[in-house]
Amino acid sequence: MSVEIIDCAQNSDEWMKARMGIPTASEFSTVMAKGRGGKGESKTRRTYMLKLIGERLTGELSDGYTNHHMERGHAMEEEARNAYAFMTDNDPKLVGFVRNGEKGASPDSLIDENGLLEIKTKLPHLQLDVLLADKLPPEHKAQVQGQIWIAEREWADFVSYWPGLPLFVKRVNRDDDYIKTLSDEVDKFLAELHELMESINQRYAA
């Protein structure tokens, strides 16, 4: 499938419509989740699948929840982007949504022809933890590699930010072995989603 870049503001109605009913990079860790002890079905994975099916059947997004930390994170994203641009002399280009077949991603910016930017805002104690570890936090690996995969890029700069603390920037190169595993899991997830949705439609057809 070819990459489709949808030029819209993130969190706008157009953005929400573009991502409706498809797995996105921010939830790829959920798609890859296993049941307890690595066996059986993950409850969070099944819940995510049912949410996407619900979106397809109703035409309404399932997730409308925000909290104070999420709202502040959105507000600080531009500060982090400007600090990154100054530090690296890169020119981040805002992007709405990147769709590649039945999957998508919302990078915080695209960088030149081969890179992208993913920004996280972290509370001070978490920012210090990231700075001390000096590596991509493992909980963000699926999202970052997923964005590289969806957008067909070669690298991502992961940025973690909190005002008054050093900006954390880590270059993450494309990991084709990991992306192959991720691709297989997303394909499996979508196949199960289609099968379950067809079963629901047949069982409750008028």
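The values are calculated or read from the model by the stated rules, or taken from the named source; none is laboratory data. Given the structure is predicted, the values throughout are model-derived calculations rather than measurements. Virtual Cβ from ideal backbone geometry, glycine too; neighbours counted across all protein chains shown. Surface accessibility is based on the protein's heavy atoms, side chains included, excluding ligands, DNA and RNA. Shrake-Rupley method; radii C 1.70, N 1.55, O 1.52, S 1.80 Å.
Exactly one residue out of Lys93, Lys120, Lys135 is of a type in the set (D, E, K, R) and crowded, with 19+ Cβ neighbours inside 10 Å, and it is Lys120.
Listed here are the residues, each with its yes/no results for (1) modelled with pLDDT under 95; (2) in contact with a Phe, Trp or Tyr (Cβ under 9 Å, 6 or more places away or on another chain); (3) surrounded by fewer than 19 Cβ atoms within 10 Å (Cβ to Cβ).
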| residue | (1), (2), (3) |
| --- | --- |
| Leu116 | no, yes, no |
| Leu126 | no, yes, yes |
| Phe158 | no, yes, no |
| Leu165 | no, no, yes |
| Glu185 | no, yes, yes |
| Phe189 | no, yes, no |
| Tyr204 | yes, no, yes |
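Please state which one of Arg36, Arg19 is surrounded by 16 or more Cβ atoms within 10 Å (Cβ to Cβ) and of a type in the set (D, E, K, R). Only one candidate passes the filter, namely Arg19. On the stretch given as the stretch 35-50, residues that are modelled with pLDDT of 95 or more and under 16 Å from Glu195 (Cβ atoms) total 5. Considered as a group, the residues in the stretch 1-16 that are open to solvent by 90 Å² or more (accessible area, probe 1.4 Å) and in a helix (DSSP H, G or I) include one that is modelled with the lowest pLDDT, and that residue is Asp13.
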